[in-house]
Amino acid sequence: MEVIHKIGRRKTAVARVYVSEGKGNMTVNKKDLKDYFTTATLQYKVNQPLNLTGNDNAFDVKINVYGGGITGQAEAVRLALSRAMVELDDENRSTLKPEGLLTRDPRMVERKKYGQKKARKQFQFSKR
């Protein structure tokens, strides 16, 4: 099996995932998964596609991720891993799709408008 390369995005975070056959090692930016994503919630999010498809210890995963915050990065990795699992075996799509793991979350930060303090907040209005 050759290396499968997929990209996942969330907000401003971009994750590149390289999946190859192995024993289940996961490295994120040349660090161990547990060192990079310290909380159990983030580790669960990252491992979700592998656990649902039953490929927990079947593949070595090398991840490069940048931009955004730690939660956005974890969700970007999750999307990329889900896409990799679908390319690996098309039957995985029926497992991952109902969980919403193949959908790119379109929500982004709204831009700041001129003449206002933030995207929607205005400067204080003075009647007199």
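For the stretch 37-45, backbone phi angles converted through the Karplus equation (6.51, -1.76, 1.60; θ = phi - 60°) give residue-by-residue couplings of 9, 7, 7, 5, 4, 5, 5, 5, 4 Hz, Gly and Pro being listed as x. Given (i) 10.3; (ii) 9.2; (iii) 11.3 as candidate values of mean projected area of the Cα convex hull in nm², which corresponds to the one derived from the coordinates? Evaluating mean projected area of the Cα convex hull in nm² on these atoms matches (i). Across the stretch 1-74, the volume of the C-alpha convex hull divided among the residues equals 84 Å³ per residue. Here the 3J(HN,Hα) profile of the stretch 112-127, calculated from phi with Karplus coefficients 6.51, -1.76 and 1.60 at θ = phi - 60°, is 6, 9, 5, x, 10, 6, 9, 5, 10, 6, 9, 5, 4, 8, 10, 6 Hz, Gly and Pro shown as x. Assuming charge only on the beta carbon of Lys and Arg (+1) and of Asp and Glu (-1), the dipole of the stretch 71-116 about its Cα centre is about 500 debye to the nearest 20. Each Lys and Arg adds +1 at its Cβ and each Asp and Glu adds -1 at its Cβ; summed about the Cα centre, the chain shows a dipole of about 1720 debye.
Taking a ≥ b ≥ c as the square roots of the Cα gyration tensor eigenvalues, the stretch 1-42 comes out oblate, since a/c reaches at least 1.5 and a/b does not exceed b/c. Against the chain, whose longest principal axis comes from its Cα atoms, helix 70-88 is set at around 40 degrees.
Its DSSP H runs of at least 4 residues, each contributing -39,500 (n - 2.57), put the calculated 222 nm mean residue ellipticity of the chain at -9500 deg cm²/dmol, to the nearest 500.
Any read-out appearing in this document is the output of simple, stated calculations on the displayed coordinates, not a laboratory observation. Bear in mind the structure is a predicted one, so any value in this text is a computation, not a measurement. Using ideal geometry, Cβ is built from the backbone for each residue, glycine included, and neighbour counts are taken over all protein chains shown.
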